[in-house]
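Contents: one structure, followed by commentary.
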Amino acid sequence: MNEQILKQNLTNIQSKIGEKDVTLIAVTKFVDAETTRQVYQAGINNLAENRTDKFLQKKEALSNLAPDIKWHFIGHLQSRQVKLIINEVDYLHSLDRVSLAKEIQKRANHPVNCFLQVNISGEESKGGFEPSQVVTVIEDLAKYDKVVVIGLMTMAPIDASPVQLHEIFGELRNLQKEIASKKLSYAPCQELSMGMSRDYEIALEEGATFIRVGTAIYDEK
Ligand SMILES: *Cc1c(COP(=O)(O)O)cnc(C)c1O
């Protein structure tokens, strides 16, 4: 894509982050390996994909060029696909059921940085645990030493108002603080993965530490 526009878009997002200690993850699921390479060369080394086949293709395509990329997996992960990628990811944002943790325990060679996905808004179409389940689920995960819950992740509805976005992201932050206060070695839960192109500014206000941005990086308008 046009280098100038790409850089302008990134500069714009980075200016919204400002001095905050926040990791900008470029979601590359919409773009090819060439554009992904441009994003990396513009200084972004946290990249995310949501499908296992694309994830592996991108990682392979950029492996020589960029050994320092941190790879994030943000999509729903089927249990039978765990073995394909679990030792290739740096962060898994979509731990959405206990049976997935069990499969990770079986397949991972090392502890995996995971975000527990929480369905704060209660939308049927969205995956993740209900907020009321989170504390118990975290307790259940104690037995899986390959799963380290570094934080919580959520997605807001497409049509949420600013007020609703503040509520949703604020609720995730409250849950995160509750878990963090337990000081569990297997679930330090210091991080908040929240905010996408249309809502990352509000997520930043509510304490996001990782934002996952796609469209806003590639927008040629
Ligand atoms: C696609 C996707 C994003 C990025 O979405 P944009 O609206 O393009 O920024 C973020 N998180 C998840 C889980 C996604 O699937």
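The values are calculated or read from the model by the stated rules, or taken from the named source; none is laboratory data. The model shown is predicted, which means the values in this text are computed figures rather than measured ones. FYI the Cβ positions are ideal-geometry reconstructions off the backbone, even for glycines, and counts take in every protein chain you see. Heads up: the accessible areas ignore ligands, DNA and RNA and are worked out on the full protein's heavy atoms, side chains in. Shrake-Rupley method; radii C 1.70, N 1.55, O 1.52, S 1.80 Å.
Using θ = phi - 60° and the Karplus curve 6.51 cos²θ - 1.76 cosθ + 1.60, what whole-Hz ³J(HN,Hα) does each residue of the range 112-124 get, with Gly and Pro shown as x?
Values per residue, Gly and Pro as x: 10, 5, 10, 10, 6, 7, 10, 8, 5, 6, x, 5, 4 Hz.
Can you work out the Karplus-derived ³J(HN,Hα) for every residue in the range 80-94? Use 6.51 cos²θ - 1.76 cosθ + 1.60 with θ = phi - 60°, whole Hz, and x for glycine or proline.
6, 8, 4, 5, 5, 10, 4, 8, 10, 9, 8, 9, 10, 8, 10
So for the pair residue 76, residue 7, with labels modelled 7 Å out along Cα→Cβ, what separation do we get in nm?
Roughly 4.1 nm, to one decimal.
As an exercise, identify the GluC sites (Glu not before Pro) in the range 124-207 lying in DSSP coil whose Cβ has no more than 16 other Cβ atoms within 10 Å.
Answer by residue number: 124.
Residue 16 versus residue 60, label points 7 Å from Cα toward the beta carbon: distance in nm?
According to this spin-label approximation, the distance is 3.4 nm.
Measuring from a point 7 Å past the Cα of residue 159 along Cα-to-C-beta, which residues in the range 185-221 have an amide N at less than 19 Å?
Answer for this model: 198-199.
Quote the relative contact order of the chain in percent (integer), defining contacts as alpha-carbon pairs under 8 Å separated by 6+ residues.
On the way: 392 pairs, mean separation 43.5, N = 221.
In percent, rounded to a whole number, it is 20.
Can you work out ³J(HN,Hα) from phi for every residue in the range 139-153, in order, using Karplus 6.51 cos²θ - 1.76 cosθ + 1.60 and θ = phi - 60°, giving whole Hz and x for Gly and Pro?
Rounded to whole hertz, the list is 4, 4, 7, 4, 7, 9, 6, 8, 10, 10, 7, 7, x, 10, 10.
Work from the charge dipole of the chain (Cβ charges, +1 for Lys and Arg, -1 for Asp and Glu, about the Cα centre) and give the residue of 195, 76, 31 farthest towards its positive end.
My answer, from the dipole projection, is 76.
Size of the dipole of the range 145-221 about the Cα centre, Lys and Arg at +1 and Asp and Glu at -1 on the beta carbon, nothing else charged, in debye to 20?
With only Lys, Arg, Asp and Glu charged at Cβ, the dipole is about 380 debye.
Show the residues, 5+ positions off or on another chain, whose built amide H is closer than 5 Å to the amide H of residue 119.
129, 130
What is the distance in Å between the Cα centres of the range 57-133 and the range 161-221?
Using only Cα atoms to place each centre, the spacing works out to 17 Å.
Using unit Cβ charges (K, R positive; D, E negative) and no other charged atoms, how large, in debye to the nearest 20, is the dipole of the chain about its Cα centre?
With only Lys, Arg, Asp and Glu charged at Cβ, the dipole is about 700 debye.
In the chain, which helices (entire DSSP H runs) extend 30 Å or more along their own long axis, judged by Cα positions, while averaging at least 0.0 on the Kyte-Doolittle scale?
Correct list, ordered by number: empty.
How much net charge surrounds residue 84 when only the other residues with a Cβ under 14 Å from the Cβ of residue 84 are counted, with Lys and Arg +1 and Asp and Glu -1?
Values: positive: 51, 54, 58, 59, 80, 83, 106, 107; negative: 49, 53, 60, 88, 103.
Counting the neighbours of residue 84, the net charge comes to +3.
When all protein chains stay in place, what accessible area (Å², nearest 10, 1.4 Å probe) is found for residue 31?
So the heavy atoms of residue 31 present about 20 Å² to solvent.
Using only the alpha-carbon atoms, what does the chain span along each of its principal axes? Please give whole angstrom values in decreasing order.
48, 41, 32
Please compute the contact order of the range 1-91 in relative form: average sequence separation of alpha-carbon pairs under 8 Å and at least six residues apart, divided by the residue count, as a percent. Let's see the in-between values first.
Values: 83 pairs, mean separation 22.6, N = 91.
The value is 25 percent.
Put +1 on the Cβ of every Lys and Arg and -1 on every Asp and Glu Cβ in the chain; which of 55, 93, 151 then has its Cα farthest towards the positive end of the dipole?
The listed residue farthest towards the positive side: 55.
At a 1.4 Å probe, what is the % contribution of carbon and sulfur to the accessible area of the chain?
46 percent
How much of the DSSP bridge set in the chain is antiparallel, in percent, rounded to the nearest 5?
Working: 1 of 27 bridges.
Here the share of antiparallel DSSP bridges comes out near 5 percent.
Which of 20/146; 58/106; 59/106; 54/83; 7/221 have a Cα-Cα distance over 20 Å? Please list the in-between numbers first.
Numbers: 20/146 30 Å; 58/106 25 Å; 59/106 23 Å; 54/83 15 Å; 7/221 13 Å.
From the list (20/146; 58/106; 59/106; 54/83; 7/221), the Cα-Cα distance tops 20 Å for 20/146; 58/106; 59/106.
As a check on your grasp of the helix formula, calculate [θ] at 222 nm for the chain: sum -39500 (n - 2.57) over DSSP H runs of n ≥ 4, divide by the residue count, round to the nearest 500.
That comes out to -11000 deg cm²/dmol.
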